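Undergrad: Sharing a structure here in structure tokens format.
The values are calculated or read from the model by the stated rules, or taken from the named source; none is laboratory data. Only a predicted model underlies this, so the values are computations on that prediction, with no experimental measurement involved. Every residue, glycine as well, gets a Cβ built from its backbone with ideal geometry; the counts of neighbours run over all protein chains shown. Quick note on the areas: whole protein, heavy atoms, side chains included, nothing else; ligands and nucleic acids left out. Shrake-Rupley method; radii C 1.70, N 1.55, O 1.52, S 1.80 Å.
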Amino acid sequence: MNPAPGAAGVTINPDRLLSDLRRLREFGACGVGVVRQSLSPIDVESRHWLCERMRDAGLEARIDGVGTVLGRSRNPGPAILLGSHTDTQPRGGWLDGAMGVIYGLEVARAVAECEATRHLAVDVASWIDEEGAFLTCLGSLTFCGELAPESARDLTDNEGKTLGEAIREAGLEGVPVMRREPGRYAGYAEAHIEQGPWLEHQGKRVGAVTGIVGSRNFVIEFKGQQNHAGTTPMALRRDAGHALVELAHRVYDTFPEHAGERSVWTIGRIALDPGVQSIVPGRAEMHLQFRDQDVAVLDRLEAQARALVAEAGARGRAEVHMTEFGKRSLPAIMDERLRGHIERAAERHAPGDWIPMPSAAIHDAQVLSRHMPAAMMFVPSIGGISHAFEEDTSEEDLVLGCQVFATAAANMLLD
């Protein structure tokens, strides 16, 4: 699996790459998957290990006051910033985010080992909490100055622990938060598994990301009248559960009329209160999310959702209210020049085996793109599976992807 030389002879070391990926997998390993949520003890342990690997590569590395790891090149800029995240979902896969961080580390080493590129500056980041245990993209938001950490200290994870408590338990209390250094970066690049089926279905091995979708999240609440399930006639019921099911059906029935080619929508949570078979539910709740790369499409879907809520309320079975929650994720278009380097590197190492494609998932690159040129690259996910223990990518695709990424990153600085 020795890859062809990249830009100016930059060549990755496949054994070193795979060894680091496998070692990182051991932190929180659970069968074939990984449980390594942000600022958990095993996550903090993995961050200290990552710092040591970065220092071994000649980078100045530290963990900041929210948990982001940054390995900074000793060379003067302009630098290319490479990164992703190493936290996982509550039951996550071993490559989601982690691959991009280890790619960045391997690229930094390969660039430093090549005579023609060792003067280049490559910084590597593992952003904290991309997966949102406390707040999605917490690390990149603070790094870019979009979020003051003190304003997020009261946010809680699924177990009720606050971010402030997690920071204190991690030994990071009082540690400064790293900020983007104005003028240092020529751009940001992130490699990631696709987390979907498109590359595999089309028989391609690399995806050059054109843009990243935005998402909107809403909670829809239904208030009816709790009552006896045996004695209350159907015509007299104010059944919150009935209203919820009816609205959910209408979402799936009508959204296609307002959607774009790759729009997706999900009802990810449904709750009935009190949730007992012999009681007509008096309250109900569902969570609705939709995603698209086009703000106009997102606006159309939101307008349709609000129209359906008004329609449901008018039927009189329940009062229905829709409220947006969480930070609205804005779509991001990738930088054309940086993307061009990924495309040319893909054609060099995998001629004809790459495609331009959008990202249907949220990534830190969305945040970084608001502050510097940004680009993303995908490698295939076997079976299109991610956010699951079964998530995987072939070793051949992991190695090829890293070489493409190394060639592209070096050329981003040499151009």
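Undergrad: If you place +1 on the Cβ of every Lys and Arg, -1 on the Cβ of every Asp and Glu, and leave all else neutral, what size is the dipole of segment 1-98 about its Cα centre, to the nearest 20 Debye? Please report the intermediate quantities before stating the final value.
TA: Numbers: 12 positive and 11 negative charges, 17 e Å.
The dipole of segment 1-98 has a size of about 80 debye.
Undergrad: Pop out the carbon and sulfur fraction of the accessible area of the chain as a percent, whole number, probe 1.4 Å. Write out the running numbers ahead of the final one.
TA: Details: 8530 of 17160 Å².
Roughly 50 percent of what the probe reaches on the chain is carbon or sulfur.
Undergrad: When the chain is modelled as a GNM with alpha-carbon springs shorter than 10 Å, which of SER278, SER369, SER46 fluctuates the most?
TA: Looking only at SER278, SER369, SER46, the biggest GNM fluctuation is shown by SER278.
Undergrad: Please list, in order along segment 25-31, the HN-Hα scalar couplings obtained from phi with the Karplus expression 6.51 cos²θ - 1.76 cosθ + 1.60 (θ = phi - 60°), rounded to whole Hz, x for Gly and Pro.
TA: 3J(HN,Hα) across segment 25-31, in whole Hz: 4, 5, 7, x, 4, 9, x.
Undergrad: Can you tell me what share of the DSSP beta bridges in the chain is antiparallel? A percent to the nearest 5 is fine. Spell out each step's value before the answer.
TA: On the way: 43 of 65 bridges.
Of the beta bridges lying entirely in the chain, close to 65 percent run antiparallel.
Undergrad: So, one more: Could you tell me whether segment 223-361 comes out rounded, prolate or oblate from its Cα gyration tensor? Rule is a ≥ b ≥ c as square roots of the eigenvalues, rounded for a/c under 1.5, then prolate if a/b exceeds b/c, otherwise oblate.
TA: On the way: a/c = 3.68, a/b = 3.01, b/c = 1.22.
In terms of gyration-tensor shape, prolate.
Undergrad: Here is a further query. Taking the Cα atoms of the chain alone, what are Rg (to one decimal) and Dmax (as a whole number) in Å?
TA: Gyration radius and largest Cα-Cα distance of the chain: 23.3, 83 Å.
Undergrad: Sticking with this one: Explain nothing, just the number: relative contact order of segment 153-298, from Cα pairs under 8 Å at least 6 residues apart, as a whole percent. It would help to have the intermediate numbers written out before the result.
TA: On the way: 176 pairs, mean separation 38.6, N = 146.
Relative contact order, segment 153-298: 26 percent.
Undergrad: Report the relative contact order of segment 1-90, percent, no decimals, based on alpha-carbon pairs under 8 angstrom and at least 6 residues apart.
TA: Numbers: 84 pairs, mean separation 19.9, N = 90.
Relative contact order here is 22 percent.
Undergrad: Restricting to DSSP loop positions (anything but H, G, I, E, B) with no more than 16 other Cβ atoms inside 10 Å of their own Cβ, which trypsin sites (Lys or Arg not before Pro) remain in segment 97-164?
TA: On the way: sites: ARG109, ARG118, ARG153, LYS161; in loops: ARG118, ARG153, LYS161.
Loop-located and lightly packed - ARG118, ARG153, LYS161.
Undergrad: Give me the distance in nm between label points sitting 7 Å out from Cα along the Cα-to-Cβ direction at LYS161 and GLN225, one decimal.
TA: 4.7 nm
Undergrad: Still on this model: Wrap a convex hull around the Cα atoms of segment 287-414, take a quarter of its surface area, and give that in square nanometres. Each step should come with its number before you reach the end.
TA: Details: hull surface 44.0 nm².
For segment 287-414, averaging the hull's shadow over all directions gives 11.0 nm².
Undergrad: Going by amide H atoms built from the backbone, whose H comes under 5 Å of the H on GLU194, apart from near neighbours?
TA: Amide H neighbours of GLU194: VAL379, SER381.
Undergrad: From Cα pairs below 8 angstrom and at least 6 apart in sequence, can you work out the relative contact order of the chain, rounded to a whole percent? Walk me through the numbers on the way to the answer.
TA: On the way: 949 pairs, mean separation 95.7, N = 415.
Computed over the chain, the figure is 23 percent.
Undergrad: Compute a Gaussian network model of the chain, connecting alpha carbons closer than 10 Å, and tell me which residue from ALA305, ALA374, ALA345 fluctuates the most.
TA: ALA305
Undergrad: For the chain, take the longest principal axis of its alpha carbons; what is the angle in degrees between that and the long axis of helix 98-113, to the nearest 10 within 0 to 90?
TA: The helix 98-113 is inclined about 10 degrees to the chain.
Undergrad: For the chain, modelled as a GNM with alpha-carbon contacts under 10 angstrom, which of LEU95, LEU247, LEU81 fluctuates the most?
TA: LEU247
Undergrad: Quick one: putting +1 on the C-beta of Lys and Arg, -1 on the C-beta of Asp and Glu, what dipole do you get for segment 248-365 around its Cα centre, in Debye to the nearest 20? Can you show the working numbers first?
TA: Numbers: 15 positive and 18 negative charges, 48 e Å.
With only Lys, Arg, Asp and Glu charged at Cβ, the dipole is about 240 debye.
Undergrad: What ³J(HN,Hα) values, in whole Hz, does the Karplus curve 6.51 cos²θ - 1.76 cosθ + 1.60 give for segment 236-247 when θ = phi - 60°, with x put for Gly and Pro?
TA: 9, 6, 10, 8, 5, x, 4, 4, 5, 4, 4, 5
Undergrad: Right, next: Once phi is turned into ³J(HN,Hα) by the Karplus curve 6.51 cos²θ - 1.76 cosθ + 1.60 with θ = phi - 60°, what whole-Hz value does each residue of segment 290-307 show in order, with x for glycine and proline?
TA: Per residue, the Karplus-derived 3J(HN,Hα) values read 9, 9, 6, 7, 10, 4, 4, 5, 4, 4, 5, 5, 5, 4, 5, 4, 5, 5 Hz.
Undergrad: Still on this structure, I have one more. Scan segment 198-281 for trypsin sites (Lys or Arg not before Pro) in coil per DSSP, keeping those whose Cβ has at most 11 other Cβ atoms within 10 Å, and list them by number. Spell out each step's value before the answer.
TA: Details: sites: LYS204, ARG205, ARG216, LYS223, ARG237, ARG238, ARG250, ARG262, ARG269; in loops: LYS204, ARG205, ARG237, ARG238, ARG262.
The qualifying sites: there are none.
Undergrad: Okay, next question. Give the angle, between 0 and 90 degrees and rounded to the nearest 10, that separates the Cα long axis of helix 41-56 from the longest principal axis of the Cα atoms of the chain.
TA: 20 degrees
Undergrad: On to the next question. DSSP beta bridges in segment 9-124, what fraction antiparallel, as a percent rounded to 5? Show your work: numbers first, answer last.
TA: Numbers: 8 of 12 bridges.
Looking only at bridges with both residues in segment 9-124, the antiparallel portion is about 65 percent.
Undergrad: Within the chain, what is the longest stretch that has no GluC sites (Glu not before Pro) placed in a DSSP loop and near at most 14 other beta-carbon atoms within 10 Å?
TA: Maximal segment without exposed cleavage sites: 262-389.
Undergrad: Rounded, prolate or oblate: pick one for segment 343-415, where a ≥ b ≥ c are the square roots of the eigenvalues of its C-alpha gyration tensor, a/c under 1.5 means rounded, and failing that, prolate if a/b is larger than b/c, else oblate. Walk me through the numbers before you get to the answer.
TA: Values: a/c = 2.08, a/b = 1.16, b/c = 1.79.
Here segment 343-415 falls in the oblate category.
Undergrad: Further, regarding this structure: Under 19 Å from a point placed 7 Å out from the Cα of LEU414 along the Cα-to-Cβ direction: which residues of segment 98-136 have their backbone N that close?
TA: Only 104-123 pass the distance filter.
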